[in-house]
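Encoded as structure tokens, the structure appears first; notes follow it.
The values are calculated or read from the model by the stated rules, or taken from the named source; none is laboratory data. Quantities reported herein were computed from a predicted structural model and do not represent experimental measurements. Counting neighbours? That spans all protein chains shown, and the Cβs are built from the backbone with ideal geometry, glycine included. The protein model used for the area step is the full one, side chains on, heavy atoms only, and it has no ligands, DNA or RNA in it. Shrake-Rupley method; radii C 1.70, N 1.55, O 1.52, S 1.80 Å.
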Amino acid sequence: MMYGSLVAAVVMMASSVQETQLEQVLLKLGMAPERAKATATQPCFFPGFLCNEDGYISHLDLGFSHLAGEVPAELGNLSHLEDLSLQSNQLRGPIPTELGRLKHLKRLNLGQNHLSGSIPSELSQLKSLAWLDVAQNHLTGPLAAELGTLEQLEGLSAYNNQLTGPIPPELGQLMRLHELGLSENQLTGRIPGELGRLKNLESLSLDHNQLTGEIPHELRLLKRLELLDLSRNQLSGALPPELGELEHLDLFAAHGNQLSGAIPAALGKLQKLKYLYLNQNQFTGEIPPEFGQFKVMESLSVSRNLLTGEIPRELGQLENLQELFLYSNRFTTISVAFNSSALRLLDASRNHLRGVLVMQLMTPKLQILDLSHNKLAGE
């Protein structure tokens, strides 16, 4: 009997401690005192809370709840948490280092707030973490190299912040990673070749940064990659032909860089590619006729480059093509029979097209055809 009474007393004490801690958390998140008290007393019965079999809070989801204030450091005391989601509120201030205590945490979502300061290196202590989302905040400073020790991590989303410095090569150690989103920051330096080790990666978004150097050839090893966005950086050099080995690629965007040389014909092997954006670079030579091998291409842009020669007839074979942007190059000839029933827009303006226009358009959905600022005669 004494043992049973002792267990009951310990459970009651633990419940009381959790109640006090949770009430402090909810008050600091801006919840009204009466509601905070009621929620903390019986959290397992309120929306957004889940408890484990011992009555401890395991899931706390207060996303889209109009919460204000700072992220409470006291959250680090809710030691049984597996899921903490506070996304899409008006939270401000730093990410508390105390969150690094939550050794059972598998998901941390703080995206779409007004958080500031750096991403604390203490988060690298969350060895069970599978998903980390701090996107769309005002976070600054570098990405901590220690994040590369989160061996269970499957998703890292930190886009649309003000992060600076290089991409840590240590991120190449995250072998379970499916998604890496670092776009719309102020990251500098080269794209680490170590990212080519991420054999499970399906989405890599590095666009809208200040990255320099060449696109690493090691990216060809990302055999499961479906989305690769490197646009709006300061990347230079040639486009690696090895990218044509990424057989699952659906979208490849490299526009708005300083890439040069010929467009690799090997890209024509990407049979699942729907969206290809190579505009606003310094590519020279001709469009590879191998581009006519695309099976599901819907949007293709090579505008604002230094491309020359004939617009290849093979492009007329792209049955699913909806948009074709060729403007502001140095093309001299267009002699294409477009048979795409999906084509809505064709812009070949501002080129060096001359002579008699020989072009057949079997395109019932065509809405925009722009061949202006050339020297063409119609037939």
Residue farthest toward the positive end of the dipole of the range 90-179, with Cβ of Lys/Arg at +1 and Asp/Glu at -1: which of Gly100, Thr140, Tyr159?
-> Gly100
How large, in percent, is the carbon and sulfur part of the accessible surface of the chain at a probe radius of 1.4 Å?
-> 50 percent
Among 257-266, 29-38, 147-156, what's the highest-first ranking by average C-beta atoms within 10 angstrom per residue?
-> 147-156, 257-266, 29-38
Projected onto the charge dipole of the chain (+1 at Lys/Arg Cβ, -1 at Asp/Glu Cβ, origin at the Cα centre), which of Leu150, Leu228, Leu29 gives the Cα projection farthest towards the positive end?
-> Leu228
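Using the heavy atoms of the protein chains and a 1.4 angstrom probe, tell me the accessible area per residue for the range 251-305 in square angstrom.
Here the residues of the range 251-305 average 34 Å² of exposed surface.
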With contacts defined as alpha carbon pairs under 8 Å and 6 or more residues apart, what's the relative contact order of the range 190-254 in percent?
-> 36 percent
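Does the range 217-355 come out rounded, prolate or oblate, given a ≥ b ≥ c as the square roots of the eigenvalues of its C-alpha gyration tensor, rounded meaning a/c under 1.5 and, failing that, prolate meaning a/b above b/c? If you can, show how the numbers build up before the last one.
Details: a/c = 1.85, a/b = 1.25, b/c = 1.48.
Because a/c hits 1.5 or more and a/b fails to exceed b/c, the range 217-355 counts as oblate.
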MRE, 222 nm, helices only [DSSP H, n ≥ 4, -39500 (n - 2.57), over the chain, to nearest 500] | -3000 deg cm²/dmol
Could you let me know the centre-to-centre spacing of the range 51-89 and the range 231-274, using Cα atoms, in angstrom?
-> 42 Å
Student exercise, the chain dipole from Lys, Arg, Asp, Glu Cβ charges, in Debye to nearest 20 | 740 debye
Reachable lysines from Lys199, criterion Cα separation under 24 angstrom, eight or more residues apart if same chain = Lys106, Lys127, Lys223, Lys269, Lys272, Lys274
Note the full-extension length gain between Gln322 and Glu98 as 0.36 nm times their separation in residues minus their Cα-Cα distance, in nm to one decimal.
-> 75.6 nm
Could you tally the net charge around Lys199, taking each other residue with its Cβ under 15 Å from the Cβ of Lys199, Lys/Arg +1 and Asp/Glu -1?
-> -4
Give the long-range amide H neighbours of Val71: residues separated by 5 or more places, or on another chain, with amide H under 5 Å away, using H modelled in the peptide plane at 1.01 Å from N.
-> Arg92
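Note down the net charge around Thr20, summing +1 for each Lys or Arg and -1 for each Asp or Glu among other residues with Cβ under 12 Å from its Cβ.
On the way: positive: Lys37; negative: Glu19, Glu23, Glu74.
Result for the neighbourhood of Thr20: -2.
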Residue separation times 0.36 nm, minus the C-alpha to C-alpha distance between Phe64 and Arg176: what's the value?
-> 37.4 nm
Normalised by the number of residues in the chain, what is the relative contact order in percent for Cα pairs under 8 Å and 6+ residues apart?
-> 6 percent
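If you build the Cα gyration tensor of the chain and take the root of 5 times each eigenvalue, what three semi-axes come out, in whole angstrom, biggest first? Write down the numbers at each step before the final one.
Numbers: eigenvalues 572, 85, 63 Å².
Each semi-axis is √(5λ); the values are 53, 21, 18 Å.
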